[in-house]
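The values are calculated or read from the model by the stated rules, or taken from the named source; none is laboratory data. Since we're looking at a predicted model, the values are computed, not measured. Positions of Cβ are backbone-derived with ideal geometry, glycine not excepted, and every protein chain shown enters the neighbour counts. Just so you know, the surface numbers come from the protein's heavy atoms only, side chains and all, with ligands and any DNA or RNA stripped out. Shrake-Rupley method; radii C 1.70, N 1.55, O 1.52, S 1.80 Å.
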Amino acid sequence: MRFSAWSSLGISVCSALVFAAPAAAHLSVNPSRLHTGQLADITFSIPNSDDAIGINHVTLGIPADFQLDDAEAKPGWTQSRTGQAITWSGGNIPKNQFATFSIRGTAPSKVETVLFNVLVGDRTGKSITYRVGLDITADSNQDKGARTLGKAALGVAIVAAILALGALFVGLYVWLRPRG
């Protein structure tokens, strides 16, 4: 009997996870990719698809290797920080609307996908936790455009200098050549 109860519980939990997964598609993060060591503002869009009471608290659990610097102050919401977690409470996200919550920090120094735990809930105690991934990529391409532009400017400067020297020599030749 106990075995069947645990099986039912396991099936219920797995079913809940399967049905909760599509809901995570509505929660979004911007940007979805950072370079290693990059300082960035990250915004989470939190929807309220079906909670008639309204969502009144949001907690972002920040990965340990992501350096959290600051979090957005939102009018109508109270903010608290405990270690690597930021909680906004007391506000309201009405049904069929969304709100954004932003943090500022520095991406990890290694290439990986970091997972943020995002807990949203209402006044009755009903809550759901999403796991949102953020890709951390190598920074080898960072600032590549500025270096390329600098190289092009150097090439143009060298060509201009050669043309100026050529013009100078032609002018000297014309000025110093015997007239006769």
Identify, by number, the condition in (1) modelled with pLDDT of 95 or more; (2) of a type in the set (S, T, N, Q); (3) open to solvent by 40 Å² or more (accessible area, probe 1.4 Å); (4) closer than 17 Å to D41 by Cα that Q84 doesn't meet.
(1)
Go through the stretch 109-132 and count every residue that is open to solvent by less than 50 Å² (accessible area, probe 1.4 Å) and small (G, A, S).
1
Counting only strands (runs of 3 or more DSSP E) wholly inside the stretch 1-63, the ones holding at least 2 residues that are more than 22 Å from D135 (Cβ to Cβ) and at pLDDT 95 or above are 55-61
Exactly one of T59, T106, T100 is open to solvent by 20 Å² or more (accessible area, probe 1.4 Å) and farther than 20 Å from R33 by Cα, and that one is T59
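Residue-wise test of (1) assigned to a strand (DSSP E or B); (2) in contact with a Pro (Cβ under 6 Å, 6 or more places away or on another chain); (3) at positive phi; (4) of a type in the set (G, A, S).
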| residue | (1), (2), (3), (4) |
| --- | --- |
| S89 | yes, no, no, yes |
| A99 | yes, no, no, yes |
| I103 | yes, no, no, no |
| K110 | no, no, no, no |
| L119 | yes, no, no, no |
| T124 | no, no, no, no |
| D135 | yes, no, no, no |
Can you tell me how many residues within the stretch 152-180 are modelled with pLDDT under 70 and in a helix (DSSP H, G or I)?
1
